[in-house]
Each structure stands twice: as C-alpha cells, then as structure tokens.
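No value in this document is a laboratory result; all are computed from the given coordinates. Keep in mind the model is a prediction, meaning the values are calculated, not measured. A quick note on method: Cβ atoms are made from the backbone with ideal geometry, for glycine too, and the neighbour counts reach across all protein chains shown.
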Amino acid sequence: MFQNILHQLWNQRRQNGWILLELIAVTFFLWTVIDPVCVLTGNRLIAPEFESEGRYVLELEAYDFNDVRYRKEVTDTAQRDNLLHIAGLIRRCPEVTDLTFVTPYSFPNCRSWSGYTIATDTLDNAQTRKLSVQYYEFYVRDGGNLFRTYGMRDAVTGRDLEIPADCLDGDKVFVSATLARRFYGTTDVRGKKFFMSGKPFEVAGVFGEFKHRDYEQPFPLVVFLNSRFEPEPYIHWRWFIVFRLKDGVDARAFEKRFREEVVPQLQIGNFCYPELVSFNRQIRNELENSGTLNKLRVQYALAGFALLCIFLGMTGTFWVRCDARRGEIGLMRSLGATKRDVRKRFLVEAWLLVTVAFLIGLVAVAQYVVTSGSLEGDDTFYWQNRPLAHFLVVSGVVYVLLAAVSLVSTLIPVSRIAREEPADALRDE
C-alpha cells in the first residue's frame, strides 16, 4: 500500500504541490511562534532548589522621619533590640519551626538583586577567570540557617546543608552548583578558593541549581554568613525575617491567626504594620511585576490562535482535496475497501505530505535561527542554551503539532465521504 500511495502522490504532484507549499510556510511560522513558548516553559520547569510551601517573608515597615508617629528617642540600638524582640515573638509561635534574618535581596523572587564579580586570583590578566555572581547574606543567630529555612540541599550528597562553626569568621561561603560548574567545571569544589574585591573566600559547601526568579534560569549564587549583628542606621531596611512553618500546618489558618494575634505585638518602637508575604505570593507578584506572566499568556494565546488558523486552513484544503476524490473513494469502497482502509490511506498520504514539507521547511528555519543567533545561551547545562538540542526540541514539538493538526484535518472530511454508499459517491462523480 505504501508504494501505491507514493505513486498516487507523484501522479497528483501538481495538486499536491500547492498543499506542500502551504505546509512549508506553516512550518516556518509555527516554529517561530512555538520557540519562545518552549523556552519560557522550559525555564519555569527547572526546579528552583528551594521550597515555597510554608515559607514566609516578614517585611517590617518603619515610620518615616517626617511622620508624626516617628519617635526620635528610639535609637538605632533600641530599634535593633526591637527587631530581635519581634523575631523572638515569631519564633515562639507554635506553627514556626525555623527563622532567619536575611538582607532585602536575599530571598527568591524579591524586588532586589545584588551581585559581584569573582575571580581566580587578584591579577587582571588573560589567565584570570572571572564570573558575575549574585550573592545572598543571612545572619547566624539563635540557630538561624538560611539553607534549612529555604529547604536547600547539598548538591553532592542531597542531604541538608550543615553550617560548620569555622564558617562564621567571614572568609568561608557556600556557592550554588551553577557557580561551581561554570567557574570550576565540577560541583565537588569544597575547599577551593576565589577572590571577590581582592579578598579570598573558601568554599564551605555547594547547594543545588538555585533560581532567584521563577521565570529565569539558575544564576551563579554565593551565600555569605554574618555572625555579627551591629546596629546601623536604617537597620530595619537591611534585615528581613524569613521563616517556615512546621509540616502539616494549615497555612491559611496560620495567616489569619498571625494577623489577628501576632501582628499587633510587632508594632513596637518605630516599626509599624509589617507585611507578611508567602513565598508563593512572592512568586506570583514577581511574575506579574516583571511582565513575564503577561508574556506567557500572549505567547500561549498566539500559539493557540496560530494552531486554530492552521487547523481551519488545512481542514478546508484537505476537505477540498478529499471532495475532489469522491469517485476514487467510491471506487475503493466498491472494490471491497473498508471505511478504515480509506481513512488509513488518506491519513498516510497526509502524513507523508506533512513530513516532506516539514523537512523542507526546517531548512529555512535553520537558516533563520543561525543568522539571528537566537539559540545561543550562557549555560549549556540546559537544553535551551545548546543550539542543537534547542533546535531539535522545538522542531519536535512543531512536528507533533503540525502532524496532529494535519491528520485531524484529513480525518474529518474523509470520514464523512467514506460513510457514503459507493454508488452515491460514484453517481456524484
């Protein structure tokens, strides 16, 4: 049957040529539409290396100096003590299991971002390797542990990250697996050193591929530990309180109780109403504020609209093609072919046309992506940044969608005609 179909397609090459040209154009258009959808979706599917359930950020607001409620007699030291008092109130909540002080740029999907450049040595020459990194800071006090609070794991063992006592002197840090891979070429880098602003730091541990933004790929991250909590001006802007709930705690019930019973106790000194934000809400807010969510919606809507237009156009094309071959279908049925045989033959023809057109269209797509450089990326650990893998993944998705639309567009008209009696189909012919 397959050989007969090939002869049939060749004998009707003039009619099939127009369909082939249409499918080639559709391949190119659909590839450019699906590509950003695949990349954005792929980025979001990368595990973030932190747990969002049951994690909260307490953003403590303070009265402005010009506010009539501002108390001038509250010194920076007193304000620091008030902050520690607030932390103690939260720590004593029966639902809370871990609490950590962090800087405003040191929790995922926050509004801030802070970074440095690290180097292999203090020299500035061609042999010196450099890497731009992001950094987090947290304060180690009363068992404060950013890794445990966020649910981060050791990249090598998969276990909880423990903080050795010798990490508190300021020259030892923890780094992400992304940083280790891109800077050292391996994740087994404990004990290795790098320089930042001319100061050496030793790697005390490596955690997984950490995503600061939900819609981005993991970026190299360094985590610093602070053992001192000195009073500074505007200290309430320097430290946020991050905590997590015990397993099994009802988050909604906790939030309700926290706002009704705990929040009034937190408004002391120059601290006013604190905002409690969950990690999940932080993710949603950042998606909205960055415009990524709208971009995803637009891309998905555009892809859906494109598929609908392609489906309607191809349905019309294949409908006309099948209708023009009513006599052939009637003859096949009169010679003993079943409805299933007729459908199978036409579906195979449509699949061959789609496959040939897709392969030809890929040549134009390949030329487009090579000249535009749209497949290049910084971290080849992910398929989105490897040109060949990127091209093959998106092409595979496009082929599946195109084949599915083409087969459905063929199945509808050929099934209708195949249900007719052979004599009716031949009489109409």
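For this structure, a couple of remarks:
- 3J(HN,Hα) along the stretch 272-288: 10, 4, x, 9, 9, 10, 7, 4, 5, 5, 4, 5, 5, 4, 5, 4, 5 Hz, from the Karplus curve 6.51 cos²θ - 1.76 cosθ + 1.60 with θ = phi - 60°, whole Hz, x for Gly and Pro.
- Scaling against 2.2 N^0.38 Å puts the C-alpha radius of gyration of the stretch 61-273 at 1.13.
- Amide H contacts under 5 Å for ARG153, placed H, 5+ residues apart: GLY208
- Cα-Cα over 28 Å, subset of LYS130/LYS211; LYS256/LYS295; LYS172/LYS246: LYS256/LYS295; LYS172/LYS246
- Dipole axis of the chain (+1 Lys, Arg; -1 Asp, Glu on Cβ), positive-most option in PRO108, ASN270, LEU21: LEU21
- Computed lengthening from LEU302 to ASN280, 0.36 nm per intervening residue step minus Cα-Cα distance: 5.2 nm
- Dipole moment magnitude, nearest 20 debye, the chain about Cα centre, only Lys, Arg, Asp, Glu C-beta charged: 1360
- Remark: relative contact order (the chain) = 25 percent; criterion is Cα-Cα distance under 8 angstrom and separation of 6 or more residues.
- Overall form of the stretch 72-158: oblate. Here a/c, set by the Cα gyration tensor axes a ≥ b ≥ c, is 1.5 or more, and a/b is not larger than b/c.
- Binning all Cα-Cα separations of the chain at 20 Å, short to long from zero, yields these whole-percent fractions: 20, 37, 24, 15, 3, 0.
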